[in-house]
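First the structure, in the form of structure tokens, and then the observations on it.
The values are calculated or read from the model by the stated rules, or taken from the named source; none is laboratory data. From a predicted model like this one, the values you see are computed outputs, not experimental measurements. So basically every Cβ, Gly included, is an ideal-geometry build from the backbone, and we count neighbours across all protein chains shown.
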Amino acid sequence: MSATPLSTSSTAPEVITSSVQVRHLDYFFGRGDLRKQVLFDISLDLHPGQIVIMTGPSGSGKTTLLTLIGALRSASEGSLQVLGKELVGMGNRQLVDIRRNIGFIFQAHNLFESLTAAQNVEMAVELTGNFRGKRQLAVDILSQVGLAERADYKPAALSGGQKQRVAIARALVNQPQLILADEPTAALDKKSGRDVVTLMQHLADEKGCTILMVTHDNRILDVADRIINLVDGRLESDESPQQFVDSHIPKSLDQKMFIM
Ligand SMILES: Nc1ncnc2c1ncn2[C@@H]1O[C@H](COP(=O)(O)OP(=O)(O)OP(=O)(O)O)[C@@H](O)[C@H]1O
Ligand SMILES: [Mg+2]
């Protein structure tokens with residue numbers, strides 16, 4: 001399948017550098033009479049090294065878009081290129097392969113209760129075939145999210161926020177090219193939230209990771225290169241954090257979204 005040109009601008013030919021390139025993506029839940037469209041004509045580019053925050057009211061389609069980009073559900077209308085591969089029309093086995101290059105941080109953290117924090121992270125490292133260095137990598141990343149002293153605790157002995165940070169460490173330990181996060185800091189205090197975001201910034205700046213993060217957490221809006229706003233399944237705006245704050249009438253938005 002040929003790639004859609006990124007731009008029709010006549011000034012300079014644009015090199016395709018997107019990690020994620022979405023074109024005219026529609027998405028429906030249900031069948032027959034129950035079929036309901038939840039995403040409408042989404043077009044979007046995410047570039048290496050960028051942190052993009054996605055906001056929008058509850059039910060606007062944020063998680064749905066995230067799971068489509070993450071190859072966790074299959075799209076059938078439009079084009080969705082992720083890390084150079086077209087996902088629309090792709091079979092399940094291939095979707096699984098795509099997922100291996102993506103770090104997911106979702107609210108249900110799905111830690112293994114019988115394994116310690118470090119072992120949970122080590123399991124992710126093992127998937128890359130690295131067995132000898134796994135303990136060190138796990139301990140290093142756990143200390144970066146403030147859990148050095150909790151590395152050998154099992155989830156049952158950790159708080160909700162600590163479990164969330166273990167899941168974040170597990171998602172980031174292999175430095176995936178694409179990181180998709182759904183409200184990653186919601187359960188965290190200010191310091192832990194900032195540690196997590198600092199780690200993400202490091203991955204974006206130093207490793208060129210692309211990060212798409214759903215959040216209403218006004219404490220971390222400053223890390224974004226862009227803020228996109230989804231309303232009723234449509235991409236309403238795509239702006240810098242400052243433009244976003246300037247261009248939105250406070251009353252029309254969730255108050256938490258723009259107090260910086
Ligand atoms: N599995 C499903 N089957 C049918 N409809 C669904 C399903 N999952 C979500 N929806 C509907 O799709 C719409 C978008 O849901 P989605 O979870 O993407 O919203 P969201 O923006 O992530 O909301 P929130 O901020 O509350 O997490 C909603 O109307 C929701 O009810
Ligand atoms: Mg959601």
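In the condition set (1) of a type in the set (Gly, Ala, Ser); (2) surrounded by 24 or more Cβ atoms within 10 Å (Cβ to Cβ); (3) within 16 Å of ligand 1 (Cβ to nearest atom), GLY233 is compliant with all but (2). Residue by residue through segment 26-51, note down the ones that are under 19 Å from the mean Cα position of the chain (by Cα) and away from ligand 2 (no atom under 16 Å from the Cβ). Passing the criteria: SER43, LEU44, ASP45, LEU46, HIS47, PRO48, GLY49, GLN50, ILE51. Restricting the first member to segment 177-193 and to residues that are within 14 Å of ASN218 (Cα to Cα) and among the acidic types (Asp, Glu), and the second to residues that are within 12 Å of ligand 2 (Cβ to nearest atom) and part of a loop (DSSP other than H, G, I, E, B), the beta-carbon pairs closer than 8 Å and six or more apart or on different chains are GLU183/GLN107; GLU183/THR215; GLU183/HIS216. Listed by first and then second residue, the pairs linking a residue in segment 229-244 that is within 22 Å of ARG219 (Cβ to Cβ) and within 16 Å of ligand 2 (Cβ to nearest atom) to a residue that is of a type outside the set (S, T, N, Q) and at pLDDT 95 or above, with Cβ atoms under 6 Å apart and 6 or more places separating them unless they lie on different chains, are LEU230/GLY61; LEU230/LYS62. Cβ-Cβ contacts under 7 Å between residues 6 or more apart (or on different chains), taken from a first residue in segment 52-75 that is within 15 Å of ILE211 (Cβ to Cβ) to a second residue that is among the basic types (Lys, Arg) and in a strand (DSSP E or B), are listed as VAL52/ARG226. Test each condition in (1) farther than 16 Å from SER18 by Cβ; (2) within 16 Å of ligand 2 (Cβ to nearest atom) for GLY70 and report the one that comes out false. GLY70 satisfies all of (1) farther than 16 Å from SER18 by Cβ; (2) within 16 Å of ligand 2 (Cβ to nearest atom) except (1). Would you check if there is a residue in segment 96-109 being away from ligand 2 (no atom under 16 Å from the Cβ), of a type outside the set (A, V, I, L, M, F, W, C), crowded, with 18+ Cβ neighbours inside 10 Å and over 30 Å from ASP152 (Cα atoms)? So far as segment 96-109 goes, no, none of its residues is away from ligand 2 (no atom under 16 Å from the Cβ), of a type outside the set (A, V, I, L, M, F, W, C), crowded, with 18+ Cβ neighbours inside 10 Å and over 30 Å from ASP152 (Cα atoms). Of everything in segment 166-186 that is of a type in the set (D, E, K, R) and within 16 Å of ligand 1 (Cβ to nearest atom), the residue that is surrounded by the fewest Cβ atoms within 10 Å (Cβ to Cβ) is GLU183. In segment 37-79, what residues are on the phi > 0 side of the Ramachandran plot and in contact with a His (Cβ under 7 Å, 6 or more places away or on another chain)? ASP41, GLY78 - these are the residues of segment 37-79 that are on the phi > 0 side of the Ramachandran plot and in contact with a His (Cβ under 7 Å, 6 or more places away or on another chain).
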